[in-house]
Structure formats: C-alpha cells, structure tokens
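Every number in this text was worked out from the coordinates using simple rules, so none of it is lab data. All values derive from a computational prediction rather than experimental measurement. Methodologically, a virtual Cβ is constructed for each residue, glycine included, from the backbone with ideal geometry; neighbour enumeration extends over all protein chains shown.
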Amino acid sequence: MAERIKIAIIGGGTAGWMTAAALASLATDRICDLVLVESEAIGTVGVGEATIPAIKDFNDLLGIPERDFMRFTQATFKLGIEFSGWGRQNTSYIHPFGTFGDTIAGSDFHQQWLRFSHSAETKPLEAYSLAVQMCRHNRFKFPGRKSGEDTIATDSRFAYAYHFDAGLYARYLRLFSERKGVRRIEGRITGAQLNRDSGDIEGVLLKSGQRIDADYFIDCSGFRSLLLGERLGVRYESWKHWLPCDSAVAMPSERNPELPPVTRATAKAVGWQWQIPLQHRTGNGLVFQSGLMSEDEAVTSLQQSLGGHSGSGPRVIHFEAGKRSCSWYKNCIAIGLAAGFLEPLESTSIYLIQSAIAHFLALLPGKVAPPQLVREFNRQMDLEYERARDFIILHYHLNQRDDSELWHYCRSMNIPDSLRGRIDAFRKRGYIEQYRFGLFAPPSWLSVMMGQGLMPEKTDPLSATVDTTLAQRTMAEQFEAVQQALGTMVSSREFVGNYCATA
Ligand code: FAD
C-alpha cells in the first residue's frame, strides 16, 4: 500500500477546481487529505470558455454526466475554429476537430488530394472534412452515437469539444469536488513557510492567522503564481518575441440563437477577435498588442464590431506569453496560469491544465518526490507547452496581412527551430509529423498551413504508387459520404435545445 499524502490546492479557478475534482475522483487511495484554498475577494480570471476535445475525455473520466454539465454551464458543442482574415484578406478557413478524408491505400488523404488537386472532379480540401462541413452548415450530431446512448464515439471523422461559461464550470466542479470530500477554505493567503533545510513549502499562511500544512502544494493561483513564482522564485521564461500580443478586452453580448458549433477567430489590424457562442450569451474578446493599441482603442474597436450590442462592461486583462522555467519545483506543482500562458488562440490553456493533472497523477509519488519523477514531469510539460506554442506561432507567422507592424513582424521573425523544421518538411513534400501524445494532430496542422496559403512543392513520392482510378473513386466516395452524413443532421440550435431539454 502506497504512502498516503496531504495535498493543498491554492486557488479555485478552472485550474484549481479541475485539479480538485480529478484528484478527488481518481486518487482517493493515495490522498488522505485534499484541501482547496481560494479567495472570493480576489476572484478568478473569468475567461477561458472555448475548449478542445480532450475536455470531453476529462469529464467522462470523472463520470460527469454530459447533459447535466451542459445545462449547468450553458454549454454548446464545438467542432472547430473558423479563422477569418489570417491568410488573404476576406478569406476564411476552419480548423476542424476531425480529419480531411481517410487514408487511401495507406497514403494520407491530403497527399492524394494534392496529387489530383488540378483535376476538375477534385473539390476544395474542406469539402472532404465532415467536421468543417458541419461548422459551415451549423449542423450537429454525435460521432456515430444513436440518440439515447451517452458514451461511445465511433465516427473517426470528427470529435467535439464545448464552449462553456468558465465561472459556471468552476462552480460545477466545486460542487462535484465537495461531494467527493474536498475541503474548501475561504481566505486570502499572505505567505508561505519554507523548511530551512530542504526549501520545501511546509505551510501556507492565511490572513485569518490559520496555517495549512501539506506534503504537496498545487499552485493554481493564476497569473500571480503565488507559490512557484513569488515564493520559490522560479523564473518566467517569456515567449513575447514569438507571441507579441499581451492584452485582451473581454465583453459579453446577446446570445446567438443559432448556437453555431464553432469558435470564431477574426484577425484584426493589431490582433484578433474571438466569438464564443454559449446558450445564454456570446463571449467576445479582442486580443491585441498593447504597444500598438491603447486599452480605450481596443474597447472602442470591440464595441463597434458588436454593433453596440454588448452586455456588461468591458474587462481588460494583461498577460505575457511564456511559462515558468519548470512547473514542479521542490514540493510545489503549478497548474494553469500559475505555470504559464500562451494566448487564447486555439484554446490550449484548459487542455494544458488537464495534461498537467494527468502527468501528475501518472507520476504521483509518496510523501517525498524522487527527483527523477519531478524531472520527468517537467520534461513532459515542457514538451506540451512547446508544441502548443509552435502551433499558435504558426498562425501568426503565416499571416498575409499588411495592415500593421504586428503582422509584418510576425511574418519575418525568427521562429523556434522545432517549428521551422515542421514548416520546411511540409513545404518540401506535405509531410506532417504525428505526435504520440500532446497537441496537435496532423489535420490541425494541415488546416492552418494550407488555410493560410502554405502549399507543398511536391507530394510524397509514394503517393504516386496508389492506383489513379482507385484514388479518384475513393475521394469521390468520401465526398459523397460527407454530403450524406450532413443530410442526416439537424441544426446545431435544435440539437443543443433538444439534448439539454431532455431529462
Ligand atoms: P484564475 O482563474 O485566475 O484563478 C486563480 C485562483 O487563485 C482564484 O480562485 C483566486 O481567488 C486564487 N488566488 C489568487 N491569489 C490568492 C491568494 N493570495 N489567496 C487565496 N487565493 C488566491 N483557456 C482556454 O482553454 N480557452 C479559452 O478560450 C481561453 N481564453 C482565454 C482568454 C484570455 C483573455 C485569457 C487571459 C485566458 C484565456 N484562457 C483560455 C486561459 C484560461 O482562462 C485559464 O487557463 C483558466 O481560466 C485557468 O485559470 P486559473 O485557474 O489558472 O487562474
């Protein structure tokens, strides 16, 4: 029987409550005491409403009933992101949570598509993606599930995520966690005491005078990084030179009754604007570079684009893309904004919370963590952050805009070698590496690279060995299959309405 440990989670935003819910559900035999401290007066960052499909795995693993969760958090389904104006002006493409066709005789679909792209019968690439077509036509159904069955997804052509109200999701997980025995303590942390010899955190001190001791402290305190950053002095590695946007203004507006299953990310002169459809409202925000646009200008620009239909007042948030040089140091593990933040494009933050929880659970030590496990956790998290970072930089780097310094800079900046290698391999022969874990899968890279005008010079030579008639017939069949599937679906609005109305 493994040693049982005490864990204190510091912070009750999305990161804190996701961590509490997961540990309380999945590690009860290893944890003897699980406590979460949060301060209502300080509050949470209150954004973070678009997710990627991994969130469904998280909820399923914890046994969270989907309907119940969707009703509570006012959620809608999400099948991808529509990027407008990132490549040529007035063009848009969709990054789908799904494939662009199945392999044909072992050859990647996009290689066959490139091979026949000049033929009159070949449709635009996005016509072969069911998820893209569902986004374009506002349609939804579960991947391969019959109504009434709640778990198994069998259609490998697409997956889905959610848009949800971040505040309500944290509240949902709080109720869930408290039912599973997590103790919540309301209060402001004013300090932390370190062990003189080891440098580990022994306890955190609350303004009330209370002290909370634990074997491990999970720092979910948000941008401030109260324990890992401030108390233990783990430095912040800035990625601002690759991701120069450093501010956002967020403002809700009226609900969009169509409940489209897609997040919109529209490039603007000095940044980009998001639009996230929820059941009860629409989340909007403008991400911008503060050196090129003032807060007032950003607020005005966002308000104008909403046609004056904004709800409650604008909130401005400042950030710096980057991460702590390690997420686990001594007996403190930072999860969420306390560990790092890229920027909201591609909704990677909640995924990074989830992956930190998963890696922590997989390596969960006894009362004292062997340094090898700590190193492995940090190595895996570095990889996760760097992969997500490269994918986000890709969008900025491949832009074709001319309307501000931001876009010129991003086009000509030096990018990480890891990203340079991926772009070059794609440019040469359409090659995209498949990661064994982490973000993102080849169709995601394909959608952004081709969507923003990067076309391979040549195809993979092996693709030419596939019989021409077979390849073209299979492509036509796959296109037909997408059309047929689309014809069986109802509108996203109807689907969400019916699903959430049923008991
Ligand atoms: P917070 O929500 O800030 O929570 C910090 C917690 O720590 C709070 O409970 C606070 O009270 C507590 N705390 C802090 N100091 C103390 C103290 N001294 N004493 C006691 N308690 C304390 N992510 C996505 O995945 N998708 C998105 O679409 C997305 N959009 C975003 C848009 C913007 C503009 C920004 C800035 C972020 C976005 N994110 C998004 C990221 C996402 O918001 C965060 O990853 C997520 O909300 C987790 O935040 P957190 O829990 O780490 O921090």
Next item on the list: Calculate the length of the line joining the C-alpha centroid of segment 227-274 to that of segment 165-222, in whole Å.
Entry: 26 Å
Next item on the list: Determine ³J(HN,Hα), in whole Hz, for all residues of segment 31-44 in sequence, where each value follows from phi through the Karplus function 6.51 cos²θ - 1.76 cosθ + 1.60 and θ = phi - 60°; x replaces Gly and Pro.
Entry: 10, 9, 8, 10, 10, 10, 10, 8, 10, 5, 5, 6, x, 10
Next item on the list: Would you mind checking the pairs 207/367; 240/428; 141/458; 240/330; 78/323; 78/330 and listing those with alpha carbons more than 32 angstrom apart?
Entry: 141/458; 78/330
Next item on the list: Taking the chain as the reference, fit the longest principal axis to its C-alpha atoms, fit the long axis of helix 295-305 to the helix C-alpha atoms, and give the angle between the two in degrees, 0 to 90, nearest 10.
Entry: 40 degrees
Item checked: Dipole in debye (nearest 20) - the chain, about Cα centre, beta carbon charges: Lys, Arg +1; Asp, Glu -1 -> 380 debye
Margin query: If Rh is defined by the Kirkwood formula over all Cα pairs and Rg also comes from Cα, what ratio Rg/Rh do you get for segment 361-503?
Written below: 1.10
Notebook entry, point to check: How far, in degrees from 0 to 90, does helix 442-451 lean away from the longest principal axis of the Cα atoms of the chain, to the nearest 10?
Noted result: 60 degrees
Next item on the list: Please work out whether segment 446-503 counts as rounded, prolate or oblate from its C-alpha gyration tensor, where a ≥ b ≥ c are the square roots of the eigenvalues and a/c under 1.5 means rounded, while otherwise a/b larger than b/c means prolate and anything else oblate?
Entry: oblate
Checklist line | Percentage of interatomic Cα-Cα distances in the chain larger than 32 Å | finding: 44 percent
Next item on the list: Whole number please: convex hull volume per residue, Cα atoms of segment 247-318, in Å³.
Entry: 78 Å³
Next item on the list: Would you be so kind as to identify which of 265, 304, 290 lies farthest towards the positive end of the dipole of segment 247-318, taking Lys and Arg as +1 and Asp and Glu as -1 on Cβ and the Cα centre as origin?
Entry: 265
Next item on the list: Quickly estimate the mean residue ellipticity at 222 nm for the chain, helices only: each DSSP H run with n ≥ 4 gives -39500 (n - 2.57), and the total goes over all residues, rounded to 500.
Entry: -10500 deg cm²/dmol
